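Asker: Pasting a structure below so you can have a look.
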Amino acid sequence: MNITKITSSYRCKLIIETYKNWLKKGNRVLDVGSGNGIITKSLMDYFSVKITGSDVKNYLIYDLPFVKINGRELPFTNNEFDIVMLNDVLHHIPFENQERLIRESSRVARKVLIFEAKPTILGKITDVVLNKYHYGDLKIPLSFRNTKNWQKLFKKLSLKSKVVELKKPLWYPFSHIAFELF
């Protein structure tokens, strides 16, 4: 049994539940920061969407469509996708690059979905440990934002947003927030 499948299973359930009103069958989706592809494959199967994974390095454990990116510009045409997803990826890039990546994401898709961890001490420690285990060489700047600061950034980018604050079980180390940008 692959340990990454176990550690990703609960988070995957949270993302599926959060995206139920946002992803529709047949959507063309770009998963920016797709990592090992466990979440990507689960979302693709559950929602019957067409997903292309993308990351700065190919960490995929599944055979999925994949495009390597540089983390700053997305090598796609305007509105090439219906949706861009940024699942627990933005806090792994410097603050100044978050704005650029969200702008690029809104350029290549009509909607952008963001699923992010809130900045808690337990969440930060757990994030570092799990990412070192899963991706060894991944740079982890831990550039978290709180809800208010995310919404300020979206306003600066002239993006409207819907927010979902997820309820955290006592035993789970992360608190999450999700945004639909349009």
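The values are calculated or read from the model by the stated rules, or taken from the named source; none is laboratory data. Just so it is clear, the model here is predicted, and its values are computed rather than measured. We place every Cβ from the backbone using ideal geometry, glycine too, and count neighbours over all the protein chains shown.
Asker: Just need a number here: residues in region 1-32 that are over 11 Å from F47 (Cβ atoms), charged (D, E, K, R) and either out of contact with any Ser or Thr (no Cβ under 9 Å at 6 or more places or on another chain) or modelled with pLDDT under 95 (or both).
Answerer: Looking only at that region, the number is 4.
Asker: Checking the condition within 23 Å of Y135 (Cα to Cα) and over 14 Å from the mean Cα position of the chain (by Cα), which residue from I69, I114 passes?
Answerer: Values: I114 fails: over 14 Å from the mean Cα position of the chain (by Cα).
Exactly one of I69, I114 is within 23 Å of Y135 (Cα to Cα) and over 14 Å from the mean Cα position of the chain (by Cα), namely I69.
Asker: Please specify each residue of region 152-182 satisfying the condition of being of a type outside the set (G, A, S), in a loop (DSSP other than H, G, I, E, B) and touching a helix residue (DSSP H, G or I) at 6+ places or on another chain (Cβ under 8 Å).
Answerer: Answer for region 152-182, where residues must be of a type outside the set (G, A, S), in a loop (DSSP other than H, G, I, E, B) and touching a helix residue (DSSP H, G or I) at 6+ places or on another chain (Cβ under 8 Å): L157, L159, K160, L166, Y172, P173, F174.
Asker: Go through (1) surrounded by fewer than 19 Cβ atoms within 10 Å (Cβ to Cβ); (2) in a loop (DSSP other than H, G, I, E, B) for S34 and report which single condition fails.
Answerer: (1)
Asker: Just the residues that are of a type outside the set (D, E) and touching a strand residue (DSSP E or B) at 6+ places or on another chain (Cβ under 9 Å), please, taken from region 79-97.
Answerer: N79, F81, I83, V84, M85, L86, N87, V89, L90, H91
Asker: Continuing with this model, one more query. Residue pairs, Cβ under 7 Å, 6 or more apart or interchain, first in region 75-100 and closer than 21 Å to H176 by Cα, second in a strand (DSSP E or B) and of a type in the set (G, A, S). List them.
Answerer: Matching pairs, first to second residue: I83/A109; V84/A109; D88/A117; H91/A117.
Asker: May I pose another question? What are the residues in region 37-84 that are at pLDDT below 95 and touching an Asp or Glu at 6+ places or on another chain (Cβ under 7 Å), if any?
Answerer: E73
Asker: On to the next question. Do you know which residues across region 122-151 are assigned to a helix (DSSP H, G or I), among the basic types (K, R) and modelled with pLDDT under 85?
Answerer: K132
Asker: Moving to a separate point now. So which residues in region 158-168 are at pLDDT 95 or above and surrounded by fewer than 15 Cβ atoms within 10 Å (Cβ to Cβ), if there are any at all?
Answerer: Those that are at pLDDT 95 or above and surrounded by fewer than 15 Cβ atoms within 10 Å (Cβ to Cβ): S158, K160, K162, V163.
Asker: List the pairs whose first member sits in region 154-181 and is touching a residue at least 60 places away in the same chain (Cβ under 8 Å) and under 19 Å from H91 (Cα atoms), whose second member is of a type in the set (S, T, N, Q) and in a loop (DSSP other than H, G, I, E, B), and whose Cβ atoms are under 8 Å apart, counting only residues at least 6 apart or on separate chains?
Answerer: As it stands, the answer is L166/S175; F174/T120, since those pairs meet every condition given.
Asker: Among (1) at positive phi; (2) part of a strand (DSSP E or B), where does V84 come up short?
Answerer: The single condition V84 does not satisfy is (1).
Asker: Taking region 13-31 on its own, how many of its residues are surrounded by fewer than 19 Cβ atoms within 10 Å (Cβ to Cβ) and in a strand (DSSP E or B)?
Answerer: Qualifying residue count, region 13-31: 1.
Asker: May I pose another question? Please determine, by comparing only the residues of region 91-113 that are at pLDDT below 95 and not polar (S, T, N, Q), which one is surrounded by the fewest Cβ atoms within 10 Å (Cβ to Cβ).
Answerer: E96
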